[in-house]
């Protein structure tokens with residue numbers, strides 16, 4: 001039995017042979033919190049006050065004989081109860097020696113010791129009586145315990161409220177995220193010779209990537225690849241505002257640079273948070289293979305020629321949108337030929353990190369496009385996504401990963 | 001925290017030395033340091049120079065802080081410039097067009113020579 005080993009180290013034999021009822025009583029009165037413990041605590045509190053008053057009375061007033069008699073009885077009762085409490089606390093303490101030599105253990109001892117010592121040696125009676133004033137220190141335990149209990153309860157309540165608020169917030173964010181993804185087109189418009197595919201893998205927190213395919217009145221197709229700075233709800237809102245404005249303007253202004261210039265003006269006037277968005281916008285003519293594009297601070301896309309050569313659409317580079325009004329975005333044109341592929345992406349692809357904090361990087365992306373660009377658009381998108389996922393492994397995805405591929409076959 | 005920031009004073013110019021990776025998690029801390037630097041800069045004409053010698057990475061959210069800071073500096077009539085960009089960071093500034101909006105200098109000496 002573990003208990004007997006501990007008990008062997010106890011001061012006094014009486015405690016060693018404590019029987020079960022006494023142990024239970026100690027648990028109830030001084031061990032755990034409960035109505036009995038609180039009642040006992042109040043008795044002790046009352047006795048502390050009475051005993052301190054009686055010490056003061058004895059020291060100051062010229063008392064009649066009956067009063068001195070009453071005070072003596074009081075002192076006797078106080079010491080009896082305090083002794084009883086002291087023994088109970090030793091019994092209830094899990095580490096008894098530790099308790100005896102703890103601050104409160106010593107306070108309890110000092111509260112009763114003068115009474116017994118005064119029986120042995122009367123020479124120091126006055127000092128010993130004054131020592132009883134130290135019983136005031138017993139109050140501190142109660143104050144401390146009450147404070148701790150209150151704080152614990154308050155903390156528990158606040159924690160619960162926080163947990164509830166957080167789970168609600170998370171549920172709402174999940175809905176917002178789902179809505180954000182739902183507004184992205186799931187298929188490329190049906191156009192002769194066009195094979196388009198897109199994929200957006202959202203980050204764990206709310207990001208601001210988006211792509212768009214816009215059917216223009218003259219049979220051309222507008223393609224957008226964009227990335228809003230920052231994360232969370234502000235980024236998501238700015239993404240929605242950017243997409244809606246760009247889409248609206250694109251339908252009426254069949255010129256990529258003009259569209260970005262106008263979108264930038266709108267975004268600059270509706271941008272209280274100093275957010276911005278990088279946008280690559282191009283208009284593709286499926287009849288001729290002509291691609292006109294403009295770039296507002298976005299990663300330059302790739303054109304993979306049917307023969308395997310890779311070109312970077314590095315021209316027409318301007319500032320991100322939403323940062324500064326009054327900027328003109330220029331256009332550039334590239335001719336797609338039979339079997340060529342256009343690859344648009346966001347930096348979530350090249351800046352996907354693995355557990356060793358290495359980035360996926362441009363070389364790996366170029367490698368994937370070179371190696372697998374011959375297949376369908378959907379196949380290339382899936383291969384790049386799989387390669388990124390394989391590279392990142394268990395590392396958390398900190399940014400949205402977005403890709404669009406267009407393969408074009410001349411009629 | 002993935003970015004460490006140290007403030008130094010060179011005359012009326014407060015130099016913010018940024019070290020590490022300015023990703024989403026580091027933005028809030030970085031922003032408060034920049035605000036401190038803007039507040040600490042001497043009376044105009046004075047300025048804030050961000051020394052990026054030890055800055056390895058800037059995310060798009062981090063880029064936004066440079067935009068916010070440049071705007072705050074302009075409102076306070078303070079010069080605002082960057083210097084000593086590592087290739088990866090310089091590329092981000094080049095791609096986004098920020099290097100055409102915020103003065104970027106090759107090193108601290110060159111930057112201080114251009115600032116009041």
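Just so it is clear, none of the values below were taken in a lab; they were calculated from the coordinates. Source: prediction; values computed, not measured. Heads up, the Cβs are rebuilt from the backbone with ideal geometry, glycines too, and the neighbour counts pull from every protein chain shown.
Averaging Cα coordinates gives a centre for region A:253-293 and one for region B:1-65; these two points are 31 Å apart.
Per the Debye calculation on region A:283-411 with a single equal scatterer at every Cα and no solvent contribution, log₁₀ I(q)/I(0) for q = 0.13, 0.20, 0.23 Å⁻¹ amounts to -0.59, -1.15, -1.32. Residues of region A:297-311 with an amide N closer than 19 Å to a point placed 7 Å from the Cα of residue A:409 along the Cα-to-Cβ direction: A:304-308. Computed from Cα atoms, the angle from the helix A:103-120 axis to the main principal axis of chain A rounds to 0 degrees. Counting only other chain Cβ atoms within 10 Å of each residue's Cβ, the peptide A:316-324 averages 5. When A:136, A:78 are arranged by Cβ crowding within 10 Å, least crowded first, meaning fewest neighbours, the order is A:136, A:78.
Once the Cα atoms are used to define both axes, helix B:60-75 deviates from the longest principal axis of chain B by about 10 degrees. Mean per-residue shielding of peptide A:270-283 is 2, counting Cβ atoms of other chains within 10 Å of each Cβ. Annotation: the antiparallel percentage among DSSP beta bridges lying fully within region A:185-408 is about 95. Quick one: P(r) of region B:4-113 from all Cα-Cα pairs, 10 Å bins, percents rounded to integers, in order of increasing distance. For region B:4-113, the pair-distance distribution reads 16, 55, 28, 1.
In this label model, residue B:53 and residue B:10 are separated by 0.9 nm, measuring between points 7 Å along each Cα→Cβ vector.
Axis of helix A:232-252 versus longest Cα principal axis of chain A: the two differ by about 20°, to the nearest ten degrees.
Under the simplified labelling scheme, the residue A:139-residue A:218 pair shows an inter-label distance of 9.1 nm, with each label point 7 Å from Cα along Cα→Cβ. Per-residue mean of foreign Cβ neighbours for A:291-299 is 2 (Cβ atoms of other chains, 10 Å radius). Residues A:103, A:213, arranged from fewest to most other Cβ atoms within 10 angstrom of their Cβ, appear as A:103, A:213. Three principal axis extents describe the C-alpha atoms of chain A; from largest down they are 123, 51, 32 Å. Each of A:112, A:283, A:143 has some number of other Cβ atoms within 10 Å of its Cβ, and from fewest to most they run A:143, A:112, A:283.
Taken over region A:240-318, the convex hull of the Cα atoms encloses 102 Å³ per residue. Once a ≥ b ≥ c are taken as the square roots of the eigenvalues of the Cα gyration tensor of region A:185-408, is the result rounded (a/c under 1.5), prolate (a/b larger than b/c) or oblate (a/b not larger than b/c)? Oblate is the answer for region A:185-408, as a/c is 1.5 or above yet b/c matches or exceeds a/b.
Applying 1/(1 + (r/R0)^6) with r as the Cβ-Cβ distance of residue B:29 and residue A:379 and R0 = 41 angstrom yields a FRET efficiency of 0.45.
Less than 16 Å from a label point 7 Å out along the Cα-to-Cβ axis of residue A:27: which backbone N atoms in region A:69-88 qualify, by residue? Within reach of a label on residue A:27: A:88.
How large is the helix-only mean residue ellipticity at 222 nm for the protein assembly as shown, computed as the sum of -39500 (n - 2.57) over DSSP H runs with n ≥ 4, divided by its residue count, in deg cm²/dmol to the nearest 500? Result for the protein assembly as shown: -16000 deg cm²/dmol, rounded to the nearest 500. Applying 1/(1 + (r/R0)^6) with R0 = 60 Å to the Cβ-Cβ distance of residue A:151 and residue A:190, what FRET efficiency is obtained, to the nearest 0.05? So the FRET efficiency works out to roughly 0.35. Taken along the Cα-to-beta-carbon direction at a fixed 7 Å, the label points for residue A:46 and residue A:312 span 8.7 nm. Across chain A, C-alpha contacts under 8 Å between residues 6 or more apart give a mean separation that, scaled by the residue count, equals a relative contact order of 13 percent.
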